[in-house]
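Right, one structure below, let's go through it.
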Amino acid sequence: MVELGPGATWINVYAALEPHHISTAGGRISGVGVGGFLLGGGIAFASAEKGLGVNNVINYEVVLSNGTIVNANEAENEDLFWAMKLPSTNYGIVTRFDMRTYPSSAIWGAVNVYPFTPTLASELYTQSKKWGHDDTNKDNMVSVAIMRNKGMSLALAVQVNEAGIAHDPLTSSAPIMHLETTGSTYKVVREVVDGALAATTRTRWHTITTKIDTEYFMDIFEKSESIMKPHDDRENILWSIAVQHFQKSCINAAKESPIFNALGQGKDDLLSIFTNNIRMEWANPDDDAALDEAAYELGTLAETEARKRGILNDFIYLNYADGNQPVYERSVTPGDMEKMKEIKKAYDAAGIFDRLWRGGYKLPVERGNMSQTDADNKHDEL
Ligand SMILES: Cc1cc2nc3c(=O)[nH]c(=O)nc-3n(C[C@H](O)[C@H](O)[C@H](O)COP(=O)(O)OP(=O)(O)OC[C@H]3O[C@@H](n4cnc5c(N)ncnc54)[C@H](O)[C@@H]3O)c2cc1C
């Protein structure tokens, strides 16, 4: 077990765990914070086996809206413990996460970047399906992205094996960038994964969940190019569409959380559920409005098209969502929503965190004829 301060980033955590030859189901990039990652789920290298980050938290130390500090775990405040598996900023301020650890001396990681061609991208995507479907191969994490940077289209594949076993690349095509190492999680994050995903500046995310469909993925990228082409010259513009798997084994490992119910309790067909994650970054604040609009257009297009093709799953993964996406409305079953609202009443009856804490995603609340936006504006005026 490890006690984590929410202000730490995951690279601090992995650095501290490395000498003990242990690891935990944390973030996959150095700068991601412990706090936000663990309040929205948390897709980790080990998720196929261990579920999301939240499924590995065994105790939360939480400051409630009335100022009291409580622990939430299986024996104490069990209802809050359950809600804290998808809490965002509804229930309290976490001052400590206690997480399960596991022995880990060496994992293997590789990143390959290729010039984009439709054939190659389709090959990577098709290959990645193998891993997404394979819940007997839980040591592996594979993620594929197509991206456009400075007017150049690229395809990227990230492969990690938690048992430290090296695998062949997903394609025999020659990469223009190849990073690979075996070692602690700290080493793999720092030397391999970070190397491919440089620090972000101004960003916009959007996510949907779909079944695996190579043709859809390729079509969306093609359509995205026409939306994004006019923005090719904006400073440090980079955008990508990445796919990541929620394997059956991952969903099953998420058993005690609302996410498990929302994803259909790990039934077979959900082997094919992906998060499709659209991400944009840029440098100049003057580009914000135009790129916000482009991100919205792209996200809407991806969702509309997935719905039309019958491959959309309602689930919206909180950690990759845009601030305007209806995460709770779409990602929690009606029964769990009622339960979450009851728990909210028990721990923040006056809705202090709704009124005074503007960040994150809020559980939908009944406000008579006042919309959430009206209510927020009203709050601004006070
Ligand atoms: C480069 C990059 C890589 C990423 N990789 C992954 C990944 O591998 N897997 C994955 O699942 N996600 C990933 N994400 C998404 C990431 O999990 C979310 O962006 C997450 O919100 C980041 O948390 P933070 O603490 O850094 O952010 P912040 O913006 O600081 O926090 C996010 C939200 O959580 C709230 N919060 C933070 N700390 C606390 C606390 N102690 N108590 C209560 N509320 C709190 C904040 O108020 C805020 O609303 C990645 C993001 C980036 C930018």
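Read the figures in this text as sums done on the coordinates, not as results from a lab. Nothing here was measured: the structure is a model prediction, and the numbers come from that model. Methodologically, a virtual Cβ is constructed for each residue, glycine included, from the backbone with ideal geometry; neighbour enumeration extends over all protein chains shown.
Working out 0.36 nm times the residue gap between residue 58 and residue 229, then minus their Cα-Cα distance, what length gain in nm do you get to one decimal?
Contour length minus Cα-Cα distance gives 56.9 nm.
Considering all projection directions equally, how large on average is the shadow of the alpha-carbon convex hull of the range 86-202, in square nanometres?
Averaged projected area of the range 86-202's Cα convex hull equals 10.1 nm².
Among 25, 166, 174, which one moves the most in a GNM of the chain with springs linking Cα atoms closer than 10 Å?
174
How far apart, in nm, are the 7 Å Cα→Cβ label points at residue 218 and residue 314?
Going from the residue 218 label point to the residue 314 one covers 3.3 nm.
Running a GNM on the chain with Cα contacts under 10 Å, which residue among 341, 129, 308 ends up with the highest mean-square fluctuation?
Its mean-square fluctuation being the largest, the pick is 308.
Can you work out the Karplus-derived ³J(HN,Hα) for every residue in the range 36-48? Use 6.51 cos²θ - 1.76 cosθ + 1.60 with θ = phi - 60°, whole Hz, and x for glycine or proline.
Working through the residues one at a time gives x, 4, 7, 9, x, x, x, 7, 10, 4, 8, 4, 4 Hz.
Kindly provide the helix-only [θ] at 222 nm of the chain, computed as the sum of -39,500 (n - 2.57) over DSSP H runs of four or more divided by all residues, to the nearest 500 deg cm²/dmol?
Rounded to the nearest 500, the figure is -9500 deg cm²/dmol.
Mean-square fluctuation check for the chain, GNM, Cα pairs under 10 Å: which of 80, 197, 170 is largest?
197
Neighbour counts of other C-beta atoms within 10 Å: give me 296, 114, 216 arranged from fewest to most.
Fewest-to-most ranking of 296, 114, 216: 296, 216, 114.
For the range 107-328, calculate the relative contact order in percent as a whole number, restricting contacts to Cα pairs under 8 Å that are 6 or more residues apart.
Reported relative contact order: 26 percent.
Computed over the Cα atoms, what is the radius of gyration of the range 2-103 divided by 2.2 N^0.38 Å, N being its residue count?
1.01
Regarding the range 214-368, what's the average projected area of the Cα-atom convex hull, expressed in nm²?
Working: hull surface 46.2 nm².
Quarter of the Cα hull surface area: 11.6 nm².
Just list whichever of 130/308; 211/362; 339/362; 130/187 have alpha carbons separated by over 23 Å in the model shown.
On the way: 130/308 25 Å; 211/362 27 Å; 339/362 15 Å; 130/187 27 Å.
Too far apart for the 23 Å limit: 130/308; 211/362; 130/187.
Which of 215, 281 comes first, and how do the rest follow, when ranked by fewest Cβ neighbours within 10 Å?
Least to most surrounded, the residues fall as 215, 281.
Percent of Cα-Cα pairs per 10 Å bin, from 0 to the last occupied bin, for the chain, please list those.
Whole-percent P(r) values from 0 Å outward: 5, 23, 33, 27, 11, 2, 0.
Let's test the formula: R0 of 35 Å, r as the Cβ-Cβ distance of residue 304 and residue 126. What FRET efficiency results, to the nearest 0.05?
Working: r = 24 Å, r/R0 = 0.69.
It comes to 0.90.
Report the full-extension gain for the segment residue 79 to residue 180: residue separation times 0.36 nm, less the Cα-Cα distance, to one decimal in nm.
Contour length minus the Cα-Cα distance gives 32.1 nm.
State the dimensionless ratio Rg/Rh of the range 107-328 (Rg: radius of gyration of Cα atoms; Rh: Kirkwood radius).
That ratio is 0.95, to two decimals.
Could you line up 100, 148 from fewest to most neighbouring Cβ atoms inside 10 Å?
Ranked by crowding around the Cβ, least crowded first: 100, 148.
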